[in-house]
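> Before I ask anything, here is the structure I am working with.
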């Protein structure tokens with residue numbers, strides 16, 4: 001069987017800035033990929049955050065990666081089939097992104113989950129349950145450019161202690177990833193003989209990672 005491996009070159013890492021204007025929605029379907037009725041100018045790959053949705057409160061606060069867009073509707077990579085009822089009204093706020101320039105690599109550590117010991121005196125062996133998933137951290141390495149908008153947004157997010165949206169793009173047909181997080185650490189550039197000025201950032205993921 002031939003390999004389906006993809007090369008990493010042309011992968012991109014984005015950080016959000018000031019959100020766009022909220023889009024008024026008039027319906028959301030229950031489906032494996034939710035279809036949202038709204039007058040919009042969204043494009044495939046855009047990311048929205050849902051809010052104030054009536055009829056489908058489970059979708060509020062979730063990130064929707066747009067997988068199809070033809071006004072008056074767009075489709076997002078959210079499985080709403082298990083939600084209680086269809087959505088009626090609400091908003092979808094588009095996120096605006098800047099690419100972080102000069103990125104050398106970005107590495108998700110995969111996260112983990114706590115193991116809860118539920119053993120008792122009647123147990124014949126250790127009994128355990130899985131705790132909440134911790135989606136972990138990302139480390140990002142880049143050559144420093146103090147004029148790069150993406151790098152400046154990382155610094156601004158850290159200074160503001162803000163939770164922002166991150167998006168990563170992979171080539172070769174792999175799905176876009178989008179998630180919320182905060183910048184825990186940014187190193188100053190390291191100087192040395194025969195070296196470029198290079199910095200790194202640690203980003204903590206909060207909540208789930210969405211793929212679409």
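> On the given criteria, is residue 158 within 24 Å of residue 48 (Cβ to Cβ) and either in the same structural domain as residue 203 (by TED's automatic domain parsing) or loosely packed, with under 12 Cβ neighbours inside 10 Å (or both)? Before the answer, list the steps.
Details: within 24 Å of residue 48 (Cβ to Cβ): no; either in the same structural domain as residue 203 (by TED's automatic domain parsing) or loosely packed, with under 12 Cβ neighbours inside 10 Å (or both): yes.
For residue 158, the condition - within 24 Å of residue 48 (Cβ to Cβ) and either in the same structural domain as residue 203 (by TED's automatic domain parsing) or loosely packed, with under 12 Cβ neighbours inside 10 Å (or both) - is not met.
> Turning to a different aspect of this structure: In the range 159-180, what residues are in a strand (DSSP E or B) and either touching a helix residue (DSSP H, G or I) at 6+ places or on another chain (Cβ under 9 Å) or at positive phi (or both)? I'd like the intermediate steps shown before the answer.
Filtering the range 159-180 down to residues in a strand (DSSP E or B) leaves 164-169, 177-180.
The one that is in a strand (DSSP E or B) and either touching a helix residue (DSSP H, G or I) at 6+ places or on another chain (Cβ under 9 Å) or at positive phi (or both): 164.
> Looking only at the range 190-205, which residues are surrounded by 12 or more Cβ atoms within 10 Å (Cβ to Cβ) and modelled with pLDDT of 95 or more? Can you show your working first?
Taking the range 190-205 and keeping what is surrounded by 12 or more Cβ atoms within 10 Å (Cβ to Cβ), we get 190, 196-205.
Selection gives 196, 197, 198, 199, 200, 201, 202, 203, 204, 205.
> Kindly check whether there is at least one residue in the range 188-208 that is in contact with a strand residue (DSSP E or B) (Cβ under 8 Å, 6 or more places away or on another chain), closer than 16 Å to residue 106 by Cβ and outside any strand (DSSP E or B).
Quick first cut of the range 188-208, residues in contact with a strand residue (DSSP E or B) (Cβ under 8 Å, 6 or more places away or on another chain) only: 188-190, 196-208.
Restricting the remaining residues to those that are closer than 16 Å to residue 106 by Cβ gives 198-205.
Narrowing the set further to residues that are outside any strand (DSSP E or B) leaves none.
Within the range 188-208, none of the residues are in contact with a strand residue (DSSP E or B) (Cβ under 8 Å, 6 or more places away or on another chain), closer than 16 Å to residue 106 by Cβ and outside any strand (DSSP E or B).
> Same structure, new question: Could you list all residues from the range 137-148 that are out of contact with any helix residue (DSSP H, G or I) (no Cβ under 8 Å at 6 or more places or on another chain), outside any strand (DSSP E or B) and loosely packed, with under 15 Cβ neighbours inside 10 Å?
Correct list: 147 only.
> Can we say residue 120 is farther than 25 Å from residue 21 by Cβ, in the same structural domain as residue 181 (by TED's automatic domain parsing) and touching a strand residue (DSSP E or B) at 6+ places or on another chain (Cβ under 9 Å)? Spell out how you get there, then give the answer.
On the way: farther than 25 Å from residue 21 by Cβ: yes; in the same structural domain as residue 181 (by TED's automatic domain parsing): yes; touching a strand residue (DSSP E or B) at 6+ places or on another chain (Cβ under 9 Å): no.
Criteria not met by residue 120.
The values are calculated or read from the model by the stated rules, or taken from the named source; none is laboratory data. The structure displayed is predicted, hence computed values, not measured ones. With ideal geometry, Cβ positions are generated from the backbone for all residues, glycine too; neighbour counts draw on all protein chains shown.
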